[in-house]
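**Student:** Mind having a look at this structure? Questions to follow.
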Amino acid sequence: MTVTTTGPLPNAPYDVAVIGAGVVGTAVARELARHRALRIALVEAAHDVGEGTSKANTAILHTGFDAVPGSLESRLMADGSHRLARYAAETGIPVERVGALLVAWNEEQRAALPELAAKAGRNGRHDTRLLTPGELYTREPHLAPGALGALEVPGESIVCPWSTTLAYATQAVLAGTDLHLGCRVTGIRERAGHHELRCARGVLRARYLVNAAGLAADTVDGMLGHHDFTVTPRRGQLIVFDTLAGDLVRHILLPVPTALGKGVLVAPTVYGNVLLGPTAEDLDDKRATESTADGLAALRAKGRGILPALLDEEVTAVYAGLRAATGHEDYRIRAHPAQRSVTVGGIRSTGLTASMGIAAHVTGLLADTGLVLGEPRDLPPLRMPPLGRRAVRPCRQAALVAADPEYGTVVCHCELVSRAEIRDALAAPLPPHSVAGLRRRTRAGAGRCQGAYCGAAVTDLFERSDAGERV
Amino acid sequence: MNGPVNGTVSRVVDVLVVGAGPAGLAAAARLAARGAGRVLVLDREQQPGGVPRHCEHRGFGPPGRRWTGPEYAARAAEAAVGAGAELRTGATVLGWAGPHTLDTTGPEGPERITARAVVLATGARERSRSARLVPGTRPAGVLTTGELQQAVYLYGRPVGRRAVIVGAEPVAYAALDALRRAGARPLAMVTGLPRSQAPLARAQRARLLGGVPLLTGAQVTELLGRPRLTGIRLRRGDGRSTVLACDTVVFTGDFTPENELARRGGITLDAGTRGPAVDAAFRTAQPGVFAVGSVLHAAESARVAAHEGALAARSVLRHLTGPAGWPDADAVTVRTELPLRWSVPNRLTPGAPVAGTFLLRTHRFLTRPTLRVTQDGRTLHRERHHRTAVPGRPVPLAGVWIPRVDPDGGPVWVGVG
Ligand SMILES: Cc1cc2nc3c(=O)[nH]c(=O)nc-3n(C[C@H](O)[C@H](O)[C@H](O)COP(=O)(O)OP(=O)(O)OC[C@H]3O[C@@H](n4cnc5c(N)ncnc54)[C@H](O)[C@@H]3O)c2cc1C
Ligand SMILES: Cc1cc2nc3c(=O)[nH]c(=O)nc-3n(C[C@H](O)[C@H](O)[C@H](O)COP(=O)(O)OP(=O)(O)OC[C@H]3O[C@@H](n4cnc5c(N)ncnc54)[C@H](O)[C@@H]3O)c2cc1C
């Protein structure tokens, strides 16, 4: 079990190096880790897993009902969403099958619903249903007036994106994968049957390569001499509303899709907040994850048209993520057999959903390329902390608190995070590297006060632990 | 799933006070001293005292005394315990299991507490950068005064080197003190208003002696930098945009009541304050549930909060010992017209004591305003003020007009002019 953040890299060559520890790279590493014989390295530029697009999305486990039928994306979404739903149930990753409603606000949109239902059927989703306005308003009493009907997609779910990436990475590490953080790959060359990866922390050798570098997948591909696509970041800004708004919406409320994209949605989160977003802005800067006044104003205007009461509620957080658009509709997953590598590019707006499907597919491609996998085994079971609104928070569990009173010592009041949960996260196999990383693992500081009450206490625990003290 | 969990202990008390800040402690002390029976005060922090716990400046205590916040907090807690109230810290009130039954937790485990009367004294917090919808990156180095004070005074942590303070209410000057203590250089104070809201002497001392300029008519339009703040973008009154380089920004003031428990209990909130709506006897619309302190009107001085706690105790005692009954839910409400923001109390109920004063807030500075109270177009009262009404600070209104209110009439409106 190895996670490194500093110092030199091991000399011995790996069988496979996966570049990028987002939801896709960690899923691939986890899938490969099922094959005991393989020595695997997961190499990540940031100091934590999931620091790229994987930490800033809409957190929906899609069914793939509106994918392009027959595309790779459609197939991997269908496969991936089944796998992730099962995996989430096994590991306790918060997930809820709340269902989606595609709401028609005018005649044109209502007329488009039957075709969307037919398309869902072509994507293997035969359980969609048209709702009358009466049925729609019974389901969603706070919806703005004037909706003409909706298409119900029962399988659409909400999920915790941070727990997902963290679970994949933790399980891979526990199964023997070496995770090297703070280790940006800056060059790749071929030497004696190995790839030599020049990294910020030295050289790392591997026989096979998986490029799962997200927004930088084109750059990493360039290091291998490929120029198949260019990634253009498409920013999505989102507003998170307080959990006190949680009763306002029960389903994922989707607009009827247009040529311009999926549009702005309103959805519950597994923690009980309400999400409003995302925007869609094509940019050049792959670091431009800032929110803008225009973006927030546009979202609020849209939100008012969907769920007016939402706008009176307190905003908990604002964030933005960048989709890895490539000017091409489908995923750009391609094996380069001669080079013993697989590129996983263009995982634009459905990568969380498809992650486990992509991992299985990429593993298959590696095998086709000549990697001998050996027999798969079951990975040691993993249990993620109960962060979702449907779980009982540890501080409410009498037996747990009786056994360890620190579970009853609440540090973060808005999200009811106990000192013991913070302690556990700090001592986990894959500990956080920042207060933000601790927040994603425990929800400490993720509530309406944004740290006004607990920020100093949480930072103190983090800093002391980071300095080597046991907290 | 927030229902009871196996192993929950049940308890019964006479009065449950939620929050051991100045308001809750004062209420508990008075209740215990006057024989209200078992009075239990719970606070989710490890130390009692509320906000003063982390205010090291000497701004507390009775007139003429200059106690630090922690000194004040210790005395208030001693007074409550000395009078016979039971005080428990590290005990979080989670929610309601009945009209007077609350679920709690702490290191001793979950409990279910039923009381004959409940007093909500849960205080207020400053709104975060996100709640204020300030765009930009999400860097480290973005604080509120509460978090800053705790980092500096309770944990002795460094906070940064070059800081900008957003806001110019009195609390902004407390942030200034905390920054200085932490060795950070305060570069400027920034306010959207035309001048400081603090007493003149305080504002002048900061500007002239402290060398901290006050930038008025300025909005923070963007935060810059990652992973640490590198600057903030400002739009000045003349429309120009400038960047102030800094590694720390403190958002001060803009208080909002900590109203989660009230809301989860279905207790009617006032549209202006967003705290529980109360009458002059601190009665909410929910029979047996009272509210006091900053949760009603964020934020007055600790003295005002404590004074209210004592007044509320009287009302709780009347409720416990007097004839059963609670004023109608559809009491006459007190509303405000712009530029006034809100009034407390904001419900008028028969039988309530005639309020000495109503506390109002204004959005903008008002020079010697005349306040006008009307109901259904009828003027009940006019009152000329000889002081400037300052945003974020109390504007008092006498309650002499209450007997003239028609109990069956529409809302009472308070306006200017
Ligand atoms: C606004 C928005 C909403 C979305 N909503 C959803 C949704 O609801 N459901 C869904 O399924 N999907 C959604 N997505 C898509 C999903 O978030 C992405 O498809 C997914 O996160 C992509 O994961 P990834 O691992 O490919 O990329 P990333 O998470 O970006 O990971 C790539 C990693 O590679 C690392 N890296 C890059 N270059 C190097 C290098 N040279 N050396 C080492 N490491 C490197 C990066 O640091 C990064 O950590 C959304 C996306 C956005 C932006
Ligand atoms: C930075 C700053 C400086 C100030 N300086 C001064 C000054 O110099 N002089 C002055 O007179 N006033 C000052 N004040 C104002 C003064 O602190 C407040 O008026 C006073 O604290 C309000 O008292 P309170 O009891 O209503 O609320 P608080 O002091 O906020 O106390 C509320 C308590 O309720 C607890 N609580 C909340 N929810 C729960 C729950 N669910 N379960 C259990 N416990 C709960 C909280 O932990 C907290 O301890 C200052 C305020 C601030 C923010």
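**Student:** Got a sec to turn the phi values of region A:319-331 into Karplus ³J(HN,Hα) couplings, 6.51 cos²θ - 1.76 cosθ + 1.60 with θ = phi - 60°, whole Hz, x for Gly and Pro?
**Tutor:** Calculated HN-Hα couplings, in order: 8, 9, x, 10, 7, 8, 7, 10, x, 9, 5, 9, 4 Hz.
**Student:** Something else about it: Under a point spin-label approximation (7 Å from Cα along Cα-to-Cβ), what is the B:ALA310-A:ALA192 distance to one decimal in nm?
**Tutor:** Distance between label points: 8.6 nm.
**Student:** Report ³J(HN,Hα) in whole Hz for each residue of region B:333-345, in order, from the Karplus equation J = 6.51 cos²θ - 1.76 cosθ + 1.60 where θ = phi - 60°; Gly and Pro get x.
**Tutor:** Each residue of region B:333-345 in turn: 9, 9, 10, 10, 9, 3, x, 6, 9, 6, 9, 9, x Hz.
**Student:** Something else now. Name the residue, out of B:GLY288, B:GLY64, B:GLY309, whose mean-square fluctuation peaks in a Gaussian network model built on chain B with Cα pairs under 10 Å.
**Tutor:** In the Gaussian network model the winner is B:GLY64.
**Student:** Once you have a ≥ b ≥ c as the square roots of the Cα gyration tensor eigenvalues for region B:142-253, tell me rounded if a/c is under 1.5, and otherwise prolate or oblate according to whether a/b is larger than b/c.
**Tutor:** oblate
**Student:** Right, another one. Separation between the A:GLU463 and A:ARG86 pseudo-spin-labels, each 7 Å from Cα along Cα→Cβ, expressed in nm?
**Tutor:** Result: 4.7 nm between the two label points.
**Student:** Near the amide H of A:TYR208, under 5 Å away, which other amide H atoms are found, from residues 5 or more places off or on another chain, if H is placed in the peptide plane?
**Tutor:** When sequence neighbours closer than 5 places are left aside, the close amide H contacts are A:VAL16, A:ALA17.
**Student:** So, one more: Towards the positive end of the charge dipole of chain A, with charges on Cβ (+1 Lys, Arg; -1 Asp, Glu), say which of A:VAL274, A:LEU373, A:CYS160 has the farthest Cα.
**Tutor:** Selected residue: A:LEU373.
**Student:** Just rank A:ARG439, B:ARG34, fewest to most, by other beta-carbon atoms within 10 angstrom. If you can, show how the numbers build up before the last one.
**Tutor:** Numbers: A:ARG439 24, B:ARG34 15.
Lowest count first: B:ARG34, A:ARG439.
**Student:** Using a Gaussian network for chain B with springs between C-alpha atoms less than 10 Å apart, which of these wobbles most: B:ALA178, B:ALA28, B:ALA121?
**Tutor:** Greatest mean-square fluctuation among the candidates belongs to B:ALA178.
**Student:** Test of understanding: what is the full-extension gain from B:ALA245 to B:GLU337, defined as 0.36 nm times their sequence separation minus their Cα-Cα distance?
**Tutor:** 29.2 nm
**Student:** Still on this structure, I have one more. Have a look at B:VAL13, B:VAL344, B:VAL249 and tell me which one the Gaussian network model of chain B (Cα, springs below 10 Å) gives the largest fluctuation.
**Tutor:** B:VAL13
**Student:** In whole Hz, with x marking every Gly and Pro, tabulate ³J(HN,Hα) for region A:3-11 from phi via Karplus 6.51 cos²θ - 1.76 cosθ + 1.60, θ = phi - 60°.
**Tutor:** Going residue by residue, I get 10, 10, 10, 9, x, x, 9, x, 6 Hz, with x marking Gly and Pro.
**Student:** Could you work out the relative contact order of region B:142-253? I mean the mean sequence separation of Cα pairs under 8 Å and 6+ apart, divided by the number of residues, in percent.
**Tutor:** 33 percent
**Student:** Next up: Specify the inter-centroid distance of region A:98-125 and region B:115-164, based on alpha-carbon positions, in whole Å.
**Tutor:** 44 Å
**Student:** Sticking with this structure for a sec: Collect residues whose amide H, placed 1.01 Å from N in the peptide plane, falls under 5 Å from the amide H of A:THR409; neighbours closer than 5 in sequence don't count.
**Tutor:** Here the answer is A:ARG419, A:ALA420, since their amide H atoms fall under 5 Å of that of A:THR409.
**Student:** How high is the relative contact order of region B:304-386, in percent, with contacts defined as C-alpha pairs under 8 Å that are six or more residues apart?
**Tutor:** Values: 72 pairs, mean separation 15.0, N = 83.
Relative contact order, region B:304-386: 18 percent.
**Student:** Could you tell me which of rounded, prolate or oblate describes chain B, using a ≥ b ≥ c as the square roots of the eigenvalues of the alpha-carbon gyration tensor, with rounded for a/c under 1.5 and, failing that, prolate when a/b is larger than b/c and oblate otherwise? Each step should come with its number before you reach the end.
**Tutor:** On the way: a/c = 1.87, a/b = 1.26, b/c = 1.48.
Here chain B falls in the oblate category.
**Student:** Can you list the residues, at least 5 places off or on another chain, whose amide H is less than 5 Å from the amide H of B:THR336, using H built in the peptide plane?
**Tutor:** Placed amide hydrogens put B:VAL414 under 5 Å from B:THR336.
**Student:** Nearest 20 debye, what's the magnitude of the dipole of region B:105-189 about its Cα centre given +1 on Lys and Arg Cβ and -1 on Asp and Glu Cβ?
**Tutor:** 340 debye
**Student:** What size of dipole, in debye to the nearest 20, comes out for region A:124-267 about its Cα centre when the only charges are +1 on Lys and Arg C-beta atoms and -1 on Asp and Glu C-beta atoms? Present the calculation step by step, with values, prior to reporting the outcome.
**Tutor:** Details: 14 positive and 13 negative charges, 121 e Å.
Approximately 580 debye in magnitude.
Every number here is computed from the coordinates shown, using simple stated rules; none is lab data. These figures come from a predicted structure and were not determined experimentally. FYI the Cβ positions are ideal-geometry reconstructions off the backbone, even for glycines, and counts take in every protein chain you see.
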